[in-house]
Every structure is written in structure tokens, then in C-alpha cells.
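The values are calculated or read from the model by the stated rules, or taken from the named source; none is laboratory data. Here the structure is a predicted model, which is why all the values come from computation and not from measurement. Please note: Cβ atoms are built from the backbone with ideal geometry, for glycine as well, and neighbour counts cover all protein chains shown. When the accessible area is computed, the model is the full protein with side chains, heavy atoms only, and any ligands, DNA or RNA have been set aside. Shrake-Rupley method; radii C 1.70, N 1.55, O 1.52, S 1.80 Å.
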Amino acid sequence: MKWSKAFIPTLKEDPKEAESASHKLLLRGGFVRQHQSGVYIFLPLGWKIMLKIINIVREEMNRIGAQEMLLPSLTASELWEESGRWESFGSDMFRLKDRKDKDMALAPTHEEIMADIARNSIRSYRDLPQIWYQIQTKFRDEPRPRSGILRVREFIMKDSYSFDTSWEGLDESYEKHREAYIRIFKRSGLRFRVVRASSGLMGGSASEEFMVPSPAGEDVLAVCDNCGYAANLEVAKGIPDPIPESPFKKREKVHTPDVKSVEEVSAFLKVSPSLIVKSLVYMVGDDPYLVLIRGDHDVNEAKLSSAFGGEVRLAEPGEVMDLFGVQVGFVGPIGIKAKGIIADLALKGGRGMVVGANEEDHHIVGVNLEEDIEISRFEDIRSVKEGDKCENCGSPLRIEKAIEVGHIFKLGTRYSESMGVYYTAQDGSRKPIIMGSYGIGIGRIMAAACEIYHDEKGISWPINIAPYEVVLLEIDHRKTGDRAGELYEDLLKRGVDVIWDDRDAGAGFKFKDAELIGIPIIAVISERKLKEGKLEIQFRRDGQSMDVNFDEAGAAIAEIVRELKEKDAGRT
RNA sequence: CGGGGCGUAGCGCAGUUUGGUUAGCGCGCUUGGUUCGGGACCAAGAGGUCGCCGGUUCGAAUCCGGCCGCCCCGACCA
């Protein structure tokens, strides 16, 4: 491509709506434009990157024997009703009606469609296993799209689905995906980690996420640098500091005027926050439950809802007042008429603790949890904190933010049973197909690469997903145009993805553009170097440069590209 | 959905508090000339229903009411 003919509308100034690095840079570099909140246009440069990513994904999926298909985005409500997700997806699902008033949805994911294909066409164990995938646009009406292309309402995703006759088969399909995903993210040049994850609303058992550590990420991980344990905070486990010896040996009610929050109680009674028990009222359906957690810990609603096996909601202060006749700050587990009391594991064995008295301006101190309170059950319902000890090796855990780029799930029979996806086994019996589901956010790979590889000058793409591998940059096109043209043709013949900046513009201007859009290799053609028979090669990532003989430049560049591709795909 | 901010030329902004007649600035764009290793210079131009609707007023970008859109924080989320 000649730059003079290319549509690369770069911007000199940061667009005001952009905050995160990837958002600003993708807009400034002429990769994308926003069409609406959470809906983006991919301009030629941005789409070129998406295609390169898709290519990598496709190659790796095909390598594990997965078969690509194209599914509808416009889907009938019936399918969603069968699985129960017409209801449970709620307003995240884009819904519409056709001219005959039939309910439809723009598919947010495709489990139901895939399950439908399977139940219609798979009869026998002989037809299994299968892995099917699709790479296409999905729709979710996110409550708040943000960070440019990172959280959007219309996005391209690779989704694959595995169908097996046994749990062992599912394990194999899952493992194949795990390996394919590792190859995909390596080839894309990302730094990432595989973490344990929650399976959430999708249903199913095991699940892992592929995470790119970045402050721009929306997910939070707990990681152990010593043994490599890593998990999404939604499921992360850790060993908290022990509860200290309590000064309260006797159970008694104390006057705590207007002392409500943990900090206030802790300061007022002069005890560690870990001796205080926070009592929170959660609604599960219409039933109020009391949730107990240490004062220095936070409830993890993801864990809580899996402990309850359904949606939970923190009660409003007004609701608590109506239910128990006391302000939220003084609610306590003794003598409360909740549906049940669930306590965090870290509270087990707590002695001499402080709890709300269910009476205005009073707390009870010296409470021995297991003797004094009727706790229905202990569960792990707290969020791991920075500094908690790793369960495997005892080293301190670190908390970090990350961008989720992929997620693999063992679904099991959640969809096959609700939707009737059965096959006939070897012994003639009818059995549900065991499913798995595996997603990759294509645009997220692009955004994540941008977040982790940028500097003041712009983006610095990993070469395997860069919009071009090489830019031929002429200092003065009028003086070197002919020689540049020859080199350009040579590079094309050698299969190098090159853009030739043949514009009649100042050198500085061209350098700024090349660095902004992040092309990994900048080949500088100047009259000065040409007289010495040389060509200068600069590397975007580290700013290093070297000279090569102009006569052998084509071969030299092709070789450098090859090396850089291997090196870039080798990091983790 | 709660809180905050913004909407004026393609982009970034000033002007709005205190209403006043041709609505400015920088970048970009067009034409001509000069320049050419880090976002060049000179000259001449083009470009705006001031988000939309309604109201107040002799007069509205500016005041009042309603609506729409966008961003950020939080809540939510496979």
C-alpha cells in the first residue's frame, strides 16, 4: 500500500471523549471511529488488525479440528425461552419484533443456537465428538459501555462449542481449547495469564479465563508470584490474617452512640476491625438473609450468589428498617428473625467478637460466634485481599487488574437437558450431550495489545497483529522515489506486509504518523544514507536502529520480519 | 439506575456568569510560492441552522422549561 493512497485519518489531538490509552490511540491512529455509545466503526487500519487476529484464531481453531460456521444474529425468542435465558439475560439482551410482532433477539451468545443445531442433526455417538465455531458480531446492551473498544454493545467474538459423549471427552475438548488459546494469545504477542474463573450465569463446572494484566482492565485477579496460583477475585481463595486475641472475655451489651461503621466501632472500642463482625442483610428472592463477615473483609457477591445458588441483592437501608426495625449500622446476628444466617469461613472459631445489638446505639461485645449465634452455615463468601496468604504455598497474594480476552467453560448438560440435546449411546440408551463453550473477544485482543504496548509516541503493535509489518519512510520522496519504489516492489514480492510512505511531507511529520500507528519496523530511505549505499532500519518497540546495505535491503528486511515474528510470539 | 462533566467549523477549544447587531482562536482543509532527518514558512481563501424543541425579550450561543446525545466514577455484567 502507498500511504499517499491510503485512508488513514490520523488525529493530532486527543479526542475529548477518550480516556483510556487504547481508546485515545485507536481513535488518533485512524483505526476506529465511534458511531454510538459502545458501537464502533472499524476503519481500514483497524479492520486489517482485526483480520490478522481472526486469521490467527481461525488457524489455531482449525488445527484442533474445530469447524467454522456462520450463525444468525437475528434469533427467535423461542430458543431463549427454552433455556430460560429470555428471562435471565434481562435487559442485556437486545430485543426486537418483526413485522408480524414476533419476538426476536440479537444474539448475545450462541449456546442455544448451537444446541439447536446439535439436537436436530446429531443422532448417535458415532456423530460425536464435534467442535463447532463461529467468528461474528454479537450484541449486548451493556448498561455502561466504556474504555473505547474494551466494553462495547456490538462486538466480534470467536465462540466455539464442543459436544461430547462423556465427561472425559469434555475434558479433552476443553484441554484442546486451552492449548489452542495459549497459542493464539502467544501468537498475538500478548502477555497473559490463565486464571480460575467463575462460571456465572453460563452454568457448568470448571472454567478458566485468559487475562491480560493491565490497569485498564475491569477484572481483578489474585495472583501468587511464588507458585503461580492465579484466580479471578470472584473465585479466588486465600488465607487471611488470623483474628487477634480479643480483650472482651465476657459477653455484654455496650452503649455505642451513633457509632455505626466498622471504622467507627473499631475506633470507639479500640479494637482491631478484624474483631468486628459486619452483619449485612441480603435479599434472596423475597427472603432476607443475614450475611456475616469480618470487619476488615468485603463480601464477594459473586461467591455469595453461588453459595445461594441464585441472584442476591443487598437490602436497602429502608428495607432493613422495615424488616428488623433497626438502622443498618446496628443490625446483628443475635435474636434476629432472618430466614437464615450465613457466615464467612474466616469467621469460624471467632471469640470475643463485636456484633450489632439489633438496638439503636448498641453493640454486643465478647461474642463467641459458634456458641452464641445460630449460624446456618459457613461459606467462603469474602473477597481475597492484597497480602492474604496463598493456599498452596503460603506466600502473600498480590491483587492486579486485567483485561479478559478469553474464557473457556465446561458447560456439562446445562443446555442439553433444558433444550433436549440427546444422542443414542452404544448401548442403545438416550443420553444428554456434554457441552463446552469457549469464547475469545477479537476486539479485546486489539485493545489489550494497545493498552500494554504504547508510549508517549503512540502504539507499538506486536508484529503479528500490526497493521503493517514495515513502513518504508522516505525523508524526501522527490529525491529517492525511484529507489524506494524498487525496494517496495521487492518487499511485496517477498511477502512482506509493507506500506510505503511516499507522501510529499516533512520527515518529522511522517515519523510521527508511523510511530503513532505503531508499525514495528521503520525503514528510512534518505539521500544521505543512499550515497553510502545504506538503508536505516528503526525498531518501534525499543527505538534501536541499524544500517543495512541498500542492495540487499529486501532480503535483510524480510529476514528481520521473520525473526521479530518469532520473538514476538515467544513471550508470555 | 445513582453521582459528576460536556455538547459552538472536520478536530481541540474560547465566548455563556453580566443578552446587543459581522460568533472568535489553534490545528486541519483549498490555491500559489518557498522549504524538506523529527508534526515547516509566507500569502490568499473556504468552512458554523452555536445538540433539538418550545418559551421570555425589541434582540438569545448567552436567560427559563423540556428533550436528546456523549464521556467519566459507581452499581450491573458470560
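Total residues in the stretch A:328-345 satisfying the condition of being closer than 18 Å to residue A:380 by Cβ and open to solvent by 20 Å² or more (accessible area, probe 1.4 Å): the figure is 1. Beta carbons closer than 7 Å, at least 6 apart along the sequence or on distinct chains, pair a first residue in the stretch A:88-108 that is among the small types (Gly, Ala, Ser) with a second that is within 16 Å of RNA strand B (Cβ to nearest atom) and part of a strand (DSSP E or B) for A:105/A:75; A:105/A:94; A:105/A:95; A:107/A:75; A:107/A:138; A:107/A:139. What single numbered condition from (1) out of contact with any Asp or Glu (no Cβ under 6 Å at 6 or more places or on another chain); (2) within 13 Å of RNA strand B (Cβ to nearest atom); (3) outside any strand (DSSP E or B) fails to hold for residue A:472? So residue A:472 meets the others, but not (3). Looking across the stretch A:495-529, just one residue is in a loop (DSSP other than H, G, I, E, B), exposed (fewer than 15 other Cβ atoms within 10 Å of the Cβ) and of a type in the set (D, E, K, R), and that is A:504.
Does the stretch A:479-502 contain any residue that is within 29 Å of residue A:192 (Cα to Cα), β-branched (Val, Ile, Thr), within 12 Å of RNA strand B (Cβ to nearest atom) and in contact with a Phe, Trp or Tyr (Cβ under 8 Å, 6 or more places away or on another chain)? No: zero hits.
Taking the stretch A:70-112 as the range and being among the basic types (Lys, Arg) and closer than 22 Å to residue A:311 by Cβ as the test, the residues that pass are A:85, A:95. Residue under question is residue A:84, and the condition is that it be in the same structural domain as residue A:19 (by TED's automatic domain parsing), farther than 30 Å from residue A:423 by Cβ and of a type in the set (Gly, Ala, Ser); does it hold? No; evaluated as a whole, the condition is false for this residue. Within the stretch A:503-519, being within 25 Å of residue A:567 (Cβ to Cβ) and either basic (Lys, Arg) or more than 9 Å from RNA strand B (Cβ to nearest atom) (or both) holds for A:517, A:518, A:519. If you go through the stretch A:129-152 and keep only what is open to solvent by 20 Å² or more (accessible area, probe 1.4 Å) and either assigned to a loop (DSSP other than H, G, I, E, B) or near RNA strand B (Cβ under 9 Å from one of its atoms) (or both), you end up with A:129, A:139, A:140, A:141, A:142, A:143, A:144, A:145, A:146, A:147, A:151. Contact map, the stretch A:495-513: first residue closer than 23 Å to residue A:26 by Cβ, second residue near RNA strand B (Cβ under 7 Å from one of its atoms), Cβ cut-off under 6 Å, separation 6 or more or different chains; pairs are A:513/A:10.
The residues on offer are A:163, A:155, and the sole one that is assigned to a strand (DSSP E or B), within 12 Å of RNA strand B (Cβ to nearest atom) and of a type in the set (Phe, Trp, Tyr) is A:155.
Looking across the stretch A:106-123 at every residue that is over 30 Å from the mean Cα position of the chain (by Cα) and open to solvent by 40 Å² or more (accessible area, probe 1.4 Å), the one that is nearest to RNA strand B (Cβ to nearest atom) is identified as A:119.
When the stretch A:546-559 is filtered for residues that are of a type outside the set (Val, Ile, Thr), in contact (Cβ under 8 Å) with a residue 12 or more places away in the chain and part of a strand (DSSP E or B), the ones remaining, listed by number, are A:547, A:549. Set side by side, the residues A:215, A:247, A:242 differ, and just one is closer than 30 Å to residue A:452 by Cα and open to solvent by 50 Å² or more (accessible area, probe 1.4 Å), which is A:215. For residues in the stretch A:530-539 being outside any loop (DSSP other than H, G, I, E, B) and more than 6 Å from RNA strand B (Cβ to nearest atom), which is surrounded by the most Cβ atoms within 10 Å (Cβ to Cβ)? So the residue we want is A:535. Inside the stretch A:218-239, residues that are open to solvent by 30 Å² or more (accessible area, probe 1.4 Å) and more than 16 Å from RNA strand B (Cβ to nearest atom) make up a count of 6. Across the stretch A:309-327, which residue is least open to solvent (accessible area, probe 1.4 Å) among those that are closer than 25 Å to residue A:274 by Cβ, within 16 Å of RNA strand B (Cβ to nearest atom) and out of contact with any helix residue (DSSP H, G or I) (no Cβ under 6 Å at 6 or more places or on another chain)? It comes out as A:315.
The strands (runs of 3 or more DSSP E) located wholly in the stretch A:351-466 that include 3 or more residues which are touching a residue at least 24 places away in the same chain (Cβ under 8 Å) occupy A:353-356, A:362-367, A:377-379, A:398-412, A:422-424, A:434-441.
With the requirement that a residue be assigned to a helix (DSSP H, G or I) and touching a helix residue (DSSP H, G or I) at 6+ places or on another chain (Cβ under 9 Å), what does the stretch A:106-125 give you? A:111, A:112, A:113, A:114, A:115, A:116, A:118, A:119, A:121, listed by residue number. If you filter the stretch A:537-565 down to residues that are polar (S, T, N, Q) and closer than 25 Å to residue A:457 by Cβ, you find that the one that is farthest from the chain's Cα centre (by Cα) is A:545. From the list A:29, A:38, pick out the single residue that is out of contact with any His (no Cβ under 9 Å at 6 or more places or on another chain), in the same structural domain as residue A:157 (by TED's automatic domain parsing) and more than 8 Å from RNA strand B (Cβ to nearest atom). One residue alone meets the criteria, A:29.
Counted as qualifying within the stretch A:2-105 are the strands (runs of 3 or more DSSP E) with 3 or more residues that are of a type outside the set (Val, Ile, Thr) and open to solvent by 30 Å² or more (accessible area, probe 1.4 Å), namely A:32-36, A:94-97. What about residue A:384, is it within 35 Å of the chain's Cα centre (by Cα), more than 21 Å from residue A:288 (Cβ to Cβ) and buried (at least 18 other Cβ atoms within 10 Å of the Cβ)? It is true that residue A:384 is within 35 Å of the chain's Cα centre (by Cα), more than 21 Å from residue A:288 (Cβ to Cβ) and buried (at least 18 other Cβ atoms within 10 Å of the Cβ). Within the stretch A:520-529, the set of residues being under 25 Å from residue A:568 (Cα atoms) and within 12 Å of RNA strand B (Cβ to nearest atom) comprises A:522, A:523, A:524. Can you find a residue in the stretch A:151-162 that is in the same structural domain as residue A:65 (by TED's automatic domain parsing) and over 21 Å from residue A:73 (Cα atoms)? No, that holds for no residue.
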